[in-house]
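Structure record follows, encoded as structure tokens.
Rule-based calculations on the coordinates, nothing more; no lab input. Just so you know, these numbers come straight off a predicted model, no measurement behind them. Note that we place each Cβ from the backbone using ideal geometry, even for glycine, and neighbour counts take in every protein chain shown.
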Amino acid sequence: MVETAVPAPTVTARWRQDGGEPMQCLLFHARHHDLVVMARPTGLDGLPPDRLETLVMGCGRPLLIVPTGAPMRALDTAMVCWKEARDAARAVFPAMPLIEKARRVVVVSVGEDEGGLPDAVDEVVRELAWNGIAAEACVLARNGCSTAQVLFAAAASHGVDLMVMGAYGHRHLREVLFGGCTQRAIEGAHCPVFLMH
């Protein structure tokens, strides 16, 4: 616990108690920190049920969602969920300190039934190599499943300890109504998920 601004070689934390509208206070403080770590809501606690969506959309900082009640494990395998879009690209750089700690990194792309985006995935793997990260490329077909189903099945089969993904590549309302990768991650990923919008 650190109360004054001093360079520290480890992660620091500080306790702060504020008054006022809870979500606005949370957004204010989220915007002024490197990373926001939140668990999924489990009951009434004074914050709105859509707090995670609001944070992802409104804080401009990465959000790490940890499963409620799940034991934290060492970061063995990280999975970078890649699509050739701005939201995926925006997520990778702020996640680099975590990706660098993983023993194994898998870059996963999901395409149409004929295949994924091999050139894009290979390029991400090459860029990670410039940062000293040896990553594996994994291009998956949908085979009639949703992108979210394919990604979360891949995460389970690779024993992923952290998923890194861009948030709300589709319009927020569309994802809330029809589902999508971001909504699936927010509502119940089995492992921690690093999101950036």
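Which FRET efficiency value, to the nearest 0.05, do you get for GLU127 and GLU187 by plugging their Cβ-Cβ distance into 1/(1 + (r/R0)^6) with R0 = 22 Å?
After rounding, the FRET efficiency stands at 0.10.
Quick one: grab the alpha carbon gyration tensor of the stretch 1-108, order the square roots of its eigenvalues as a ≥ b ≥ c, and give me rounded if a/c is under 1.5, else prolate or oblate depending on whether a/b is larger than b/c.
Judged from the Cα gyration tensor, the stretch 1-108 comes out prolate (a/c at least 1.5, a/b above b/c).
Mind putting a number on the dipole of the chain about its Cα centre? Charges go on the C-beta only, +1 for Lys and Arg and -1 for Asp and Glu, and I need it in Debye to the nearest 20.
Approximately 380 debye in magnitude.
For the pair VAL66/GLN149, report the inter-label distance in nm, with labels modelled 7 Å from Cα in the Cβ direction.
So the label points at VAL66 and GLN149 sit 3.2 nm apart.
Among [x] 46, 21, 16; [y] 23, 19, 16; [z] 29, 21, 15, which is the computed semi-axes √(5λ) of the Cα gyration tensor in Å?
Recomputing semi-axes √(5λ) of the Cα gyration tensor in Å here gives the entry labelled [z].
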